[in-house]
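Each remark here refers to the structure printed beneath this line.
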Amino acid sequence: EAHACDGHGDCPHHDHDHHGGETEPVPDHNHQFDPWRWINGQIRAPEVDRHLGQDKAKEMLPWFWMAVRSNPHNTDAWTTVWFAAASLMKDPNLARTVAEEAYRDNPDSLDVLCVLGRTYRLEGVRDDDKAIAAFSELRGKGAQKCEGDLDKLSDSDKASFLQALDYLSVYAADRGDLGCLKSLLDEARRTESRHAVVDNIAQRLKRLTP
């Protein structure tokens, strides 16, 4: 079943500075070196799907690892590494390693929880119980983060929160759980009333309503 994120939503959410079109040279390691800034000079992370193919992703992988290991709380770096593993390299085991390590370092990041849940839906490592647990944790932490006023979430957090509601509604529809679907629909509407996820959940609810 299609989700609101299909087509372009697979790309992770980023909110950092863009660099110019010229590639930065690898710096002299005698000076302070920020590997994530260097990577961002090689590829524009918000458009990583258009700048990286499978071969380039493999070539850049050591740099990705350097970026996350040098600053394990850089969630932009983690989600980019995950995207390269899951969507470009088509390596679900590597994607799981990335997602689980990212979660250990950033357990309160909604973006990281979102990719963790999506990881457990990948063919080869699929575990629906773990996916539900990750999306449910994201749902709870998202509500706590904004003290229940979901409209106050940042744009990136809203996107991850809505994806979690979308996936949870798929599982709720599979169970025939009307109460859960109604709750998810209410939360989606309070987050962003005109978002495609609202329509997705409403349609699932409608199909189950006598």
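The values are calculated or read from the model by the stated rules, or taken from the named source; none is laboratory data. It should be emphasised that the depicted structure is a prediction, and the values quoted were computed from it without experimental measurement. Here the Cβ is made from the backbone with ideal geometry for all residues, glycine too, and neighbour counts use every protein chain on show. These accessible areas exclude ligands, DNA and RNA; they are computed on the full protein's heavy atoms, side chains included. Shrake-Rupley method; radii C 1.70, N 1.55, O 1.52, S 1.80 Å.
Scanning the stretch 163-210 for residues that are within 18 Å of CYS114 (Cα to Cα), acidic (Asp, Glu) and part of a helix (DSSP H, G or I), which turns out nearest to the chain's Cα centre (by Cα)?
Top of the filtered list is ASP166.
Name the helices (runs of 4 or more DSSP H) wholly inside the stretch 60-120 in which the number of residues that are in contact with a Phe, Trp or Tyr (Cβ under 8 Å, 6 or more places away or on another chain), in contact (Cβ under 8 Å) with a residue 24 or more places away in the chain and closer than 18 Å to LYS141 by Cα is 1 or more.
92-105, 110-119
Within the group VAL197, VAL125, which residue is at pLDDT 95 or above, under 30 Å from LYS90 (Cβ atoms) and in contact with an Asp or Glu (Cβ under 6 Å, 6 or more places away or on another chain)? Walk me through how you get there before you give the answer.
On the way: VAL125 fails: in contact with an Asp or Glu (Cβ under 6 Å, 6 or more places away or on another chain).
Matching residue, one of VAL197, VAL125: VAL197.
Under 8 Å by Cβ, and 6 or more places apart or on different chains, what pairs join a residue from the stretch 173-200 that is open to solvent by 30 Å² or more (accessible area, probe 1.4 Å) with one that is part of a helix (DSSP H, G or I) and among the β-branched types (Val, Ile, Thr)?
Matching pairs, first to second residue: ARG189/VAL198; GLU192/VAL198.
Given (1) in contact with a helix residue (DSSP H, G or I) (Cβ under 8 Å, 6 or more places away or on another chain); (2) at pLDDT 95 or above, identify the lone condition not met by ARG104.
(1)
Can you name the condition, by its number, that ALA134 falls short on among (1) farther than 22 Å from LYS90 by Cα; (2) open to solvent by less than 20 Å² (accessible area, probe 1.4 Å)?
Of the numbered conditions (1) farther than 22 Å from LYS90 by Cα; (2) open to solvent by less than 20 Å² (accessible area, probe 1.4 Å), the odd one out for ALA134 is (1).
As an exercise: evaluate SER169 against (1) under 18 Å from ASP111 (Cα atoms); (2) open to solvent by less than 20 Å² (accessible area, probe 1.4 Å) and give the number of the one condition it does not meet.
Result: SER169 fails condition (1) only.
Among the candidates THR119, THR97, single out the residue that is modelled with pLDDT of 95 or more, touching a Lys or Arg at 6+ places or on another chain (Cβ under 6 Å) and surrounded by 15 or more Cβ atoms within 10 Å (Cβ to Cβ).
On the way: THR97 fails: touching a Lys or Arg at 6+ places or on another chain (Cβ under 6 Å).
The match here is THR119.
Between a first residue in the stretch 130-149 that is assigned to a loop (DSSP other than H, G, I, E, B) and a second residue that is surrounded by fewer than 17 Cβ atoms within 10 Å (Cβ to Cβ), which pairs have beta carbons less than 7 Å apart while being 6 or more apart in sequence or on different chains?
Here the result reads CYS146/LYS152, each pair linking the stretch 130-149 to a residue that is surrounded by fewer than 17 Cβ atoms within 10 Å (Cβ to Cβ).
Look through ASP108, ASP157, ASP127 and report the one residue that is open to solvent by less than 20 Å² (accessible area, probe 1.4 Å), within 23 Å of TRP82 (Cβ to Cβ) and acidic (Asp, Glu). First the steps, then the outcome.
Details: ASP108 fails: open to solvent by less than 20 Å² (accessible area, probe 1.4 Å); ASP127 fails: open to solvent by less than 20 Å² (accessible area, probe 1.4 Å).
Selected residue: ASP157, the only one of ASP108, ASP157, ASP127 that is open to solvent by less than 20 Å² (accessible area, probe 1.4 Å), within 23 Å of TRP82 (Cβ to Cβ) and acidic (Asp, Glu).
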